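Notes follow once the structure below has been shown.
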Amino acid sequence: MKKNEKGITLITLAITIIILLILAGITLGSIRKDDGVLKQAQENKTQAERESIIEKIEADLYNEKVKIGKIPSKEKLIEIINKSYGTIHGESFTTKQGNYTIELTEIIGWQNPEEES
């Protein structure tokens, strides 16, 4: 064997594999822990779906406002929600899509008598 031969030694290969295993462990730990990437992604998805439903209801309320020429009442909001989006429970409702609980106060575009001056 020549002294000038180049190549990876067994020790270099072992050190490289150990470093890769350590990095993989750190990465998997940050993904799977309680406040990891997967949990944050799920929370963001849930929030986006809730906001999407709220925006659809607000669009329906706006269409109703254009039809009748004035701000829709709470009764009209409840009618729209019961027809297409979920089941009313007092001042909130549970959505058909995703079973999210949404407060009526989160929805903009209906006339709330308590807020009138």
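Selection of region 77-95 for residues being surrounded by 12 or more Cβ atoms within 10 Å (Cβ to Cβ) and of a type in the set (D, E, K, R) yields only E79. All conditions but one from (1) in contact with a Phe, Trp or Tyr (Cβ under 9 Å, 6 or more places away or on another chain); (2) hydroxyl-bearing (S, T, Y); (3) modelled with pLDDT under 90 apply to S117; the one that does not is (1).
Taken over region 20-54, the residue count meeting the criterion of being open to solvent by 90 Å² or more (accessible area, probe 1.4 Å) and either within 30 Å of I81 (Cα to Cα) or aliphatic (A, V, I, L, M) (or both) is 13.
The values are calculated or read from the model by the stated rules, or taken from the named source; none is laboratory data. This is a predicted model, so every value here is computed, not measured. With ideal geometry, Cβ positions are generated from the backbone for all residues, glycine too; neighbour counts draw on all protein chains shown. Heavy atoms of the whole protein, side chains included, go into the accessibility calculation; ligands, DNA and RNA do not. Shrake-Rupley method; radii C 1.70, N 1.55, O 1.52, S 1.80 Å.
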